[in-house]
1. Please list, by residue number, everything in region 7-36 whose backbone N is under 13 Å from a paramagnetic label point 7 Å out along Cα→Cβ of Phe61.
2. Roughly how many whole Å is it from the C-alpha centroid of region 155-195 to that of region 32-95?
3. Over 24 Å between C-alpha atoms is what I'm after, so list which of Lys24/Lys46; Lys24/Lys126; Lys67/Lys156; Lys70/Lys213; Lys97/Lys156; Lys97/Lys177 land there.
4. Given a Förster distance of 35 Å, report the FRET efficiency between Leu133 and Leu69 from their Cβ-Cβ distance, rounded to the nearest 0.05.
Amino acid sequence: MQNVGCLVDSTRCTGCRGCMVACKQWNELPAEKTQFFGGEGYQNPKDLSGDTYMYMSYHEFEDPGSKQLKWVFGRHACMHCLDPGCVSACPVGALVKTPEGPVTYDAGLCLGCRYCMLACPWDIPKFEWSKALPEICKCTLCADRIAEGLAPACMKACPTGALLFGERDQLLAEARKRMKDSPGKYNNHIYGENEAGGTSLLYISDVPFSKLKLPEPKDVGTVPRPHLTAGAMSVIPAVIVGLSAILGGTYAIARRRGEVEKEAAATGGDQS
């Protein structure tokens, strides 16, 4: 299978949040106690979290032509970069870019270093701060469903065709077709085609992408994030080894001290 992804057409989105519900259902995520986020219309919740892998942002926008206000909606979840910064930043391989396209996460390997959070230009990975054994949480593009030949849950649930699942090359072709068939309707740009080296999530819109709460293309750039972090990440293995040695030595000393104390207690404190 070639690299798959999703085409998000904001002009077809009605803000129904069906995709959010489907994501919660499939990933068995609990509900969050939230409220409408002030300053952002009906957006709810405010951001991604350990219990929310995607959300819709709501924005009022004045149409330059008609001067009328209209609603626009942005979909926010992992972009599944072709060359992900989060994967390159992870020193233990807890994040992996699969051949099919999804970026997946293995909690069993995670150190909790949170370098992936710093490496993501879209601020997607979130940390479970409130849990004793926290994990990194993010959308996996329903890699388990894709492995079974199914579309991701959010895309399956979309009632208006705003989310289209398929191979990335075909999605790019469809985006160009829609733009050609409706002159003047869309921005002359496919968001994600080249941003950060390209992503599996692609967006077309009739409003500036900043109105969808996405970083401007010029701010993201076209250079894959691993190219920007390679220098810093090259020293991480040495740091990990050094830290492991320090922790191992500390543990050995503490363990030996405990054994000595037990021996002293067993002999009534007589060390002679």
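1. Of the residues in region 7-36, 9-15 have backbone N under 13 Å from the label point off Phe61.
2. Computed from Cα coordinates, the inter-centre distance equals 18 Å.
3. Lys67/Lys156; Lys97/Lys177, as the Cα separations exceed 24 Å there.
4. 0.15
Values quoted throughout were computed directly from the atomic coordinates according to the rules given, and no laboratory measurement underlies them. Bear in mind the structure is a predicted one, so any value in this text is a computation, not a measurement. Neighbour counts are summed over all protein chains in view; Cβ atoms, including those assigned to glycine, are modelled from backbone coordinates with ideal geometry.
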